[in-house]
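Enquirer: Here it is: the structure, laid out below.
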Amino acid sequence: MLPKDYKTQVLSGEGANDYARYMRTDSLLALQRSPDEVVHRDELLFQVVHQSTELWLKLACAEVETATAAIREGHLEQATSLLRRAALSVQLVTEQLEMLRHLSPWDFQTIRTVLGHGSGADSPGWRAVQRHSRALGQAFGALLQERELNLTQMYQDGGHNPVVTLAEALIEWDERVSIWRVRHYKVITLIIGHDVVGTQGTPVQEVLTRLIAHRFFPELWQVRADLTRRGPLGADQAAADA
Ligand code: HEM
């Protein structure tokens, strides 16, 4: 038998080699404005952070969508591991916001001139996160209802249960999105300040700080508060509530 020729490219498609053909690197790397198109060299940094966020969120949403279907079919462990992947994707896009620290507030004023009314508020990835999270919350709510489960009680019973593990994965997903919003708000205030409006006319401080408090699954967070009321110091809370 002849030795395998690893130098031969075997895939069809665009690109000089199999890596380029499978990963579609020619198309991918042509998606950023070229040096002769840009008004500021840091547009590359700005586009790479945004475009890679869209990719990670594409993955996150695919995982949330399949996790939702898995919950409907009763495959709770599969749903939990897919949600963990989705949460990690959001953690990674949160970390990459750090790169925007390297954008000078004055240089960004030049970049802003070519954005039109474009804003991350129209990000397809973040819009899909909203949509898929709603469906996820509904599927989990239906599961609790069908099985007549009392989640608060299950936590009190030790929480060693696939439903509680899944609830924790939902909470983490919700929390990760919120943490992204906190970091995003902080980055905005570093770069354009707080008492200004964005490229879509949104008052930064007023609207974005309100969004930080948003919860996809308020019932799950309520379980935490209920446990505090039921805990050994619950009487203190009851006095504060009165
Ligand atoms: C220089 C960096 C950034 C600045 C100055 C900035 C600024 C803003 C501003 C001012 C808003 C309010 C809406 C408006 O534009 O009027 C906004 C919203 C938003 N931006 Fe950014 N942004 C930055 C980076 C990013 C990145 C990397 C993403 C990732 C795709 C992103 C996604 C969003 C989303 C999803 C919203 C809607 C609000 C929310 O859901 O919390 N932004 N941004």
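Bear in mind that the values in this text are calculations on the coordinates, not laboratory data. All figures in this text were calculated on a predicted structure; none of them were measured in a lab. Cβ sites come from the backbone with ideal geometry, for glycine too, and all protein chains shown count toward neighbours.
Enquirer: Given the options Val64, Val90, Val207, state which has the largest fluctuation in a GNM of the chain using a 10 Å cut-off (strictly under) for Cα springs.
Expert: Comparing Val64, Val90, Val207 in the GNM, the peak value goes to Val207.
Enquirer: When a/c reaches 1.5 or more, the comparison of a/b and b/c decides; with that in mind, is segment 102-242 rounded, prolate or oblate per its Cα gyration tensor?
Expert: Since a/c reaches 1.5 and a/b is larger than b/c, the shape of segment 102-242 is classed as prolate.
Enquirer: So how far apart, in nm, are the two label points at Glu77 and Ala121 if each is 7 Å from Cα heading toward Cβ?
Expert: 4.5 nm
Enquirer: Between Ala238 and Glu148, what length comes free when the chain is fully extended (0.36 nm per residue of separation minus the Cα-Cα distance, one decimal in nm)?
Expert: 29.7 nm
Enquirer: Using R₀ = 45 Å, calculate the FRET efficiency as 1/(1 + (r/R₀)^6) where r is the Cβ-Cβ separation of Val196 and Val10; round to 0.05.
Expert: 0.25
Enquirer: In addition: If you average the sequence gap of Cα pairs under 8 Å that are 6 or more apart and divide by the length of segment 40-231, what percent do you get for the contact order?
Expert: Relative contact order for segment 40-231 comes out at 28 percent.
Enquirer: Oh, and also: What FRET efficiency comes out for Leu211 versus Thr165 if R0 is 30 angstrom and r is the Cβ-Cβ distance? Round to the nearest 0.05.
Expert: FRET efficiency, Leu211 to Thr165: 0.60.
Enquirer: Under the rule of -39500 (n - 2.57) per DSSP H run of 4 or more residues, summed and divided by the residues of the chain, what mean residue ellipticity at 222 nm is obtained, to the nearest 500 deg cm²/dmol?
Expert: The helix-only estimate for the chain comes to -21000 deg cm²/dmol at 222 nm.
Enquirer: Applying 1/(1 + (r/R0)^6) with R0 = 25 Å to the Cβ-Cβ distance of Val48 and Met23, what FRET efficiency is obtained, to the nearest 0.05?
Expert: Calculated value: 0.95.
Enquirer: Per residue of segment 192-202, in order, report the coupling 6.51 cos²θ - 1.76 cosθ + 1.60 (Karplus, θ = phi - 60°) as ³J(HN,Hα) in whole Hz, putting x for Gly and Pro.
Expert: Those phi angles translate into 10, x, 9, 9, 9, 10, x, 5, 10, x, 7 Hz.
Enquirer: Please identify, among Leu11, Leu44, Leu88, the residue showing maximal mean-square fluctuation in a Gaussian network model of the chain using a 10 angstrom Cα cutoff.
Expert: Comparing Leu11, Leu44, Leu88 in the GNM, the peak value goes to Leu11.
Enquirer: I would also like to ask the following. Just need the relative contact order of segment 7-52 here, percent rounded to a whole number, with Cα pairs under 8 Å and 6+ apart.
Expert: Computed value for segment 7-52: 20 percent relative contact order.
Enquirer: Also, quick follow-up: Label segment 112-162 by shape, choosing from rounded, prolate and oblate, from the square roots a ≥ b ≥ c of the eigenvalues of the Cα gyration tensor; if a/c is under 1.5 it is rounded, and otherwise prolate applies when a/b is larger than b/c, oblate when it is not.
Expert: prolate
Enquirer: Treat segment 15-142 as a sphere of radius equal to its Kirkwood radius over Cα pairs and apply Stokes-Einstein at 37 °C in a medium of 0.692 mPa s; give the translational diffusion coefficient in µm²/s, rounded to a whole number.
Expert: Taking Rh from Cα pairs, D becomes 194 µm²/s.
Enquirer: What residue among Arg229, Arg21, Arg210 has the largest mean-square fluctuation in a Gaussian network model of the chain, using Cα springs under 10 Å?
Expert: Top of the fluctuation ranking is Arg21.
Enquirer: What's the magnitude of the charge dipole for the chain around its Cα centre, counting Lys and Arg as +1 and Asp and Glu as -1 at the beta-carbon? Answer in Debye, nearest 20.
Expert: 120 debye
Enquirer: Another question, then. Convex hull volume of the Cα atoms in the chain, per residue, in Å³?
Expert: Convex hull of Cα atoms, per residue: 206 Å³.
Enquirer: For segment 60-112, just say rounded, prolate or oblate: build the C-alpha gyration tensor, square-root its eigenvalues into a ≥ b ≥ c, call rounded for a/c under 1.5, and beyond that prolate if a/b exceeds b/c, oblate if not.
Expert: prolate
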